[in-house]
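Right, one structure below, let's go through it.
Every read-out reported here was derived from the displayed coordinates using simple, explicitly stated rules and does not represent laboratory data. Source: prediction; values computed, not measured. Note that we place each Cβ from the backbone using ideal geometry, even for glycine, and neighbour counts take in every protein chain shown.
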Amino acid sequence: MSRIPFVKAHAFGNDFLIIEESLALNRHAALARKLCSRNTGIGADGIEFLQRKSNNEFFLRLFNSDGSEAELSGNGTRCVAAWLAASEGLEQVALGTHGGIRTCRLIRRDGPDYWIEIDMGVPRVMPRTIEIPGVDTPIDGVLVNVGNPHFILFPDNEDFSSHNLTWQQLGAKIAVDPLFPHGTNVEFVRILSPSEIAFRIYERGCGPTTSSGTGTCAASTAAIFRHNAARELTAIAEGGAQQVVWPTNSSEMLLTGPAEIICTGEVDFA
């Protein structure tokens, strides 16, 4: 039995545990499945394992609540940046991930919220129509990669349902379809105005989530690409609104939103 210190943080309800990589001892998947359980663990969408290198250099490994490893999380990265600002006074930090380096800047403190701007890289985008077993008609959408994979579709219905399925049902089918050998995140986007979108998120590895940083970027990219939305967008998920700026197709996308430290503690793990 070992005792493991942890931090819990969230970005609009998309919650993460932060644990030092040195304490994982190659138990990353098992720790994620146990500690992220809502009923028998601490509860979280995933764990960010924080590896410390020299001269304030860091690397993150993200494990989803089902134990699978993902390339990165925009919200998870922001939570780690908020923790490093709170605990070590770092107002700018470059965090390495399997999806690339993400530079985070503390914009301001607003009560318990740390507002962080992140360089999210240059999105890659491609239109794609897919066919999914159990869905009567082909699904027209957009593939976007922002360091991790996303499939975005634009339902007509206000409840984000599509193809006679709820967005949760359809998201669950698309996320694990063999068309995507490593799985995919799925976003359902509605255009509210040229500068505002609303969307829902089915996240690979943990299911419906209230917010997603990479999902915000992917949904915004698709809205700009498919519907000529403004390059400065407000993207509204169930948890709240984030701001996206994408000056040109070859520019890095900037994502701004809050993160809050919920608690710190220790947990026993066999």
Enter the angle in degrees (range 0 to 90, nearest 10) between the Cα long axis of helix 213-227 and the first principal axis of the Cα atoms of the chain, meaning the one along which they spread out most. 20 degrees
Residue (of 245, 90, 16) at the positive-pole extreme of the chain, dipole from beta-carbon charges: 90
Kindly put 38, 102 in sequence by how many other C-beta atoms sit within 10 Å of each C-beta, fewest to most. 38, 102
Under 17 Å from residue 34, Cα to Cα: aspartates and glutamates that are on another chain or at least 8 residues apart: 15, 20, 21, 45, 48, 66, 69, 266, 268
How far apart, in nm, are the 7 Å Cα→Cβ label points at residue 59 and residue 193? 4.5 nm
Counting Lys and Arg as +1 and Asp and Glu as -1, each charge on the Cβ, what is the dipole of the chain about the Cα centre in debye, to the nearest 20? 420 debye
Using only Cα atoms, find the angle between the long axis of helix 74-88 and the longest principal axis of the chain, and express it within 0 to 90 degrees, rounded to the nearest 10. 30 degrees
Suppose R0 equals 30 Å. What FRET efficiency, 1/(1 + (r/R0)^6) with r the Cβ-Cβ distance, do residue 52 and residue 250 give to the nearest 0.05? 0.35
Defining a contact as two alpha carbons under 8 Å apart and six or more residues distant in sequence, what relative contact order in percent does the range 124-251 show? 19 percent
Pairs of Cα atoms farther than 22 Å apart, the chain, %: 53 percent
If you take the alpha carbon radius of gyration of the range 186-234 and divide it by 2.2 N^0.38 Å, what ratio comes out, to two decimals? 1.09
